Amino acid sequence: MEKRTILALILIMIIFWISNEFIWKKPVQRIQSQESVNTAEEFADPVGVGTVPEASKVIEESLNIPADPDLEINENIILENEKMIIQFSNYGGVITSIKMKNYFFNDQETHVDLIPFEEKMLKVVLETEDQNLISLSHQVFDYNITQNNSGVTFILRNDTGLFIKKYLLAEDYNLTLNITSENFTRISGYKLSLDTGIADSEDYVIEHPKEKLRDYKIISQINNEIEKYSLAKLKDKQEDIGKVDWASIRSKYFIMGIYADNLVNINQITSFNNNNSPAMELNIDIPRETFSHDYFLYLGPLIPENLSAYRSGFKKVMEGPFIEILRPVSNLFSAIFRFFRGFIPSYGIIIIIISILLKFLLYPLTHKSFESTHKMQKVTPLMKELQAKYKKDPQTLNQEMRKLYKEHNVSPLGGCLPMLLQMPIIFAIYPVIRYSIDMRQSSFLWLSDLSEPDKTLILPIAMAVFMFIQQKLMSPSKDKIAEMDEKQQAAQQSQKMMLYIMPVMMFFIFKSLSAGLVLYWTVFSIIGTIQQYFIKKKFD
């Protein structure tokens with residue numbers, strides 16, 4: 001393997017590793033509090049105590065709500081459609097559970113619930129004109145359910161007016177919320193809280209909570225710009241000011257999204273860590289004490305078609321490749337996977353087929369690369385002569401080198417071409433395998449979930465072994481090394497070191513990646529080894 005090829009491979013894999021481990025975010029206008037909420041180190045003990053942001057003091061101010069002895073707390077109010085079961089409580093008029101009917105944990109019995117245990121979502125805190133806060137979370141609302149069980153209305157009365165929260169369950173994973181106030185009290189705004197965060201939906205994440213650091217995020221569109229906070233970035237509370245188009249909390253496969261109609265002025269998002277989950281609170285200004293605000297929520301899996309239908313631009317919450325220009329390629333691979341899934345039941349087999357097809361599509365370049373490497377080995381002595389002859393005249397040396405390359409039809413970068421093309425492909429495939437909801441809990445042979453790392457390490461080891469064999473086949477024979485001068489032999493010695501270092505390095509990079517991606521690269525390496533054997537036999 002040429003030195004340039006080795007360096008290119010190392011550089012590309014380092015970039016890939018960095019893109020896998022770290023997340024960059026584009027800032028908007030922001031006030032960052034120094035108040036520590038939950039640090040990443042707390043993942044050593046996944047059970048932590050969340051901290052709700054305090055913009056002002058919450059006061060126990062009387063709302064002049066008359067006592068109603070017949071009004072009791074009911075925490076088992078249910079709305080249900082074909083996709084989900086939502087449970088409400090009239091104690092605060094909040095959501096306490098969002099169960100996915102079609103998604104389960106590994107036991108295939110326990111439904112995925114988007115709300116963590118004993119948490120309450122969509123709490124309302126009123127902001128008074130003197131900037132004090134009044135929480136409605138401890139008020140018992142009267143309620144009534146629609147005749148077709150598709151909606152529930154929570155009503156809170158005082159001696160001056162009404163405060164109403166009306167939920168309507170739509171099709172699929174959509175829910176609407178209307179908040180109405182009719183002279184309820186003297187307020188200048190209110191806060192709508194999604195401080196529950198989003199619950200763990202994967203057994204692997206429960207066993208390895210540090211996985212949440214990169215997959216669990218707050219994603220929003222503020223002033224037409226996308227703002228992202230991974231859980232790893234929420235060591236401190238973040239306050240983003242601007243016109244909020246939409247906001248969301250996402251895990252690896254599920255998301256809770258919210259946006260309001262154009263009449264609602266959401267002017268700030270406060271993002272924070274609550275019990276090791278990203279959480280947020282929306283701040284809404286109101287022009288008068290009587291108002292009616294409509295909110296639209298998406299509560300479900302990250303399915304591209306659903307996200308596009310929910311809200312313009314909301315599909316941007318989907319994970320894409322590290323290099324944004326590759327997103328169309330990633331979308332193409334997603335479509336190819338779905339096409340094959342129509343008649344092939346196993347994603348493992350689909351990955352193998354795609355690996356083989358891509359390897360054969362790239363075969364002409366692989367052949368050209370080896371041919372270029374072979375020619376370079378032949379012209380190396382001539383290159384050394386030119387370097388010795390024009391060592392004091394770099395300009396003439398470059399001209400003569402170009403003539404030499406042209407005369408022998410050699411490209412110094414020819415050996416890098418296949419690798420340079422393979423890496424964008426793997427960058428594009430990576431988010432498809434890791435984050436596609438279709439790949440969730442997809443098993444193959446001993447692998448229980450292709451989207452998670454191979455716990456047995458069989459695949460990463462096999463990949464490293466075949467990579468070593470493939471590189472060994474690309475190395476010049478002992479006879480050719482014997483014909484080289486001392487400098488060339490020294491260079492070969494350093495490349496021989498890389499022969500052992502590269503597979504080991506790749507093993508440590510890939511062992512923590514999705515098993516499906518490692519399966520793809522392993523099959524790619526196996527086919528490459530076979531191709532390399534016959535190409536080498538031809539040129540030797």
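The values are calculated or read from the model by the stated rules, or taken from the named source; none is laboratory data. The model shown is predicted, which means the values in this text are computed figures rather than measured ones. No Cβ is skipped: glycine too gets one built from the backbone with ideal geometry, and neighbour counts run over all protein chains shown.
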Task: Filtered residues of segment 86-111 (kept if hydrophobic (A, V, I, L, M, F, W, C) and under 22 Å from N149 (Cβ atoms)) - done: I86, F88, V94, I95, I98, M100
Open item on the list: Regarding segment 271-278, can at least one residue be identified that is more than 29 Å from E118 (Cβ to Cβ), assigned to a strand (DSSP E or B) and among the hydroxyl-bearing types (S, T, Y)?
Closed with: no
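Can you report the number of residues in segment 137-154 which are closer than 16 Å to L192 by Cβ and either at pLDDT 90 or above or outside the structural domain of N90 (by TED's automatic domain parsing) (or both)?
Residues of segment 137-154 closer than 16 Å to L192 by Cβ: 137, 139, 141, 154.
Narrowing further to those that are either at pLDDT 90 or above or outside the structural domain of N90 (by TED's automatic domain parsing) (or both): 141, 154.
Summing the residues that are closer than 16 Å to L192 by Cβ and either at pLDDT 90 or above or outside the structural domain of N90 (by TED's automatic domain parsing) (or both) in segment 137-154 gives 2.
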Task: Scope segment 328-367; condition surrounded by fewer than 18 Cβ atoms within 10 Å (Cβ to Cβ), assigned to a loop (DSSP other than H, G, I, E, B) and of a type outside the set (V, I, T); matching residues - done: G342, F343, P345, S346
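Yes/no matrix, rows are residues, columns are (1) in a strand (DSSP E or B); (2) modelled with pLDDT of 75 or more; (3) of a type in the set (G, A, S):
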{"residue": "S369", "(1), (2), (3)": "no, no, yes"}
{"residue": "H374", "(1), (2), (3)": "no, no, no"}
{"residue": "M383", "(1), (2), (3)": "no, no, no"}
{"residue": "K391", "(1), (2), (3)": "no, no, no"}
{"residue": "L404", "(1), (2), (3)": "no, no, no"}
{"residue": "L417", "(1), (2), (3)": "no, no, no"}
{"residue": "I425", "(1), (2), (3)": "no, yes, no"}
{"residue": "S451", "(1), (2), (3)": "no, yes, yes"}
{"residue": "D454", "(1), (2), (3)": "no, yes, no"}
- [ ] Starting from segment 182-199, take each residue that is over 25 Å from Y298 (Cβ atoms) and list its partners that are small (G, A, S), counting only C-beta distances under 7 angstrom and pairs at least six apart or across chains.
- [x] E182/G161; N183/G161; F184/G161
Open item on the list: The conditions are (1) more than 20 Å from V125 (Cβ to Cβ); (2) surrounded by 20 or more Cβ atoms within 10 Å (Cβ to Cβ), and S308 fails exactly one of them. Which is it?
Closed with: (2)
Open item on the list: For K252, only one of the following conditions fails: (1) part of a strand (DSSP E or B); (2) under 29 Å from Y430 (Cα atoms). What is its number?
Closed with: (1)
Open item on the list: Cβ contacts < 6 Å: first residue over 14 Å from I354 (Cα atoms), restricted to segment 510-528; second residue of a type in the set (D, E), any location; separation 6+ or different chain. Result?
Closed with: A515/D454
TODO: Output the residues belonging to segment 206-221 that are closer than 26 Å to I266 by Cβ and in contact with a Ser or Thr (Cβ under 7 Å, 6 or more places away or on another chain).
DONE: D215, Y216, K217, I218, I219, S220
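Only strands (runs of 3 or more DSSP E) wholly contained in segment 153-212 count here; list those with 2 or more residues that are closer than 30 Å to D454 by Cβ.
Working: elements: 162-169, 174-182, 187-194.
Answer list for segment 153-212: none.
Going through segment 213-249 one residue at a time, which ones are among the aliphatic types (A, V, I, L, M) and either outside any helix (DSSP H, G or I) or without any contact (Cβ under 8 Å) to a residue 12 or more places away in the chain (or both)? Show your work before the answer.
Initially, segment 213-249 is screened for residues among the aliphatic types (A, V, I, L, M), giving 213, 218-219, 222, 226, 231-232, 234, 241, 244, 247, 249.
I218, I219, I222, I226, L234, I241, V244, A247, I249, listed by residue number.
Being surrounded by 23 or more Cβ atoms within 10 Å (Cβ to Cβ) and either assigned to a strand (DSSP E or B) or out of contact with any helix residue (DSSP H, G or I) (no Cβ under 7 Å at 6 or more places or on another chain) (or both) is true for just one of I325, I266, I284. Which residue is that?
I266
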Task: Among the residues listed as L162, L133, the single one being in the same structural domain as N81 (by TED's automatic domain parsing) and either more than 38 Å from the chain's Cα centre (by Cα) or at pLDDT 90 or above (or both) - done: L162
Task: Residues satisfying the stated conditions in segment 76-131, i.e. farther than 22 Å from T180 by Cβ, polar (S, T, N, Q) and either assigned to a loop (DSSP other than H, G, I, E, B) or in contact with a Pro (Cβ under 6 Å, 6 or more places away or on another chain) (or both) - done: N76, N81, N106, Q108, T110, Q131
- [ ] With respect to F163, determine if the residue is without any contact (Cβ under 8 Å) to a residue 40 or more places away in the chain, out of contact with any helix residue (DSSP H, G or I) (no Cβ under 8 Å at 6 or more places or on another chain) and crowded, with 18+ Cβ neighbours inside 10 Å.
- [x] yes
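Among the polar types (S, T, N, Q), in contact with an Asp or Glu (Cβ under 6 Å, 6 or more places away or on another chain) and under 20 Å from N223 (Cα atoms), is that true of N265? Lay out the reasoning, then the answer.
Working: among the polar types (S, T, N, Q): yes; in contact with an Asp or Glu (Cβ under 6 Å, 6 or more places away or on another chain): yes; under 20 Å from N223 (Cα atoms): yes.
Judged against the criteria, N265 is a match.
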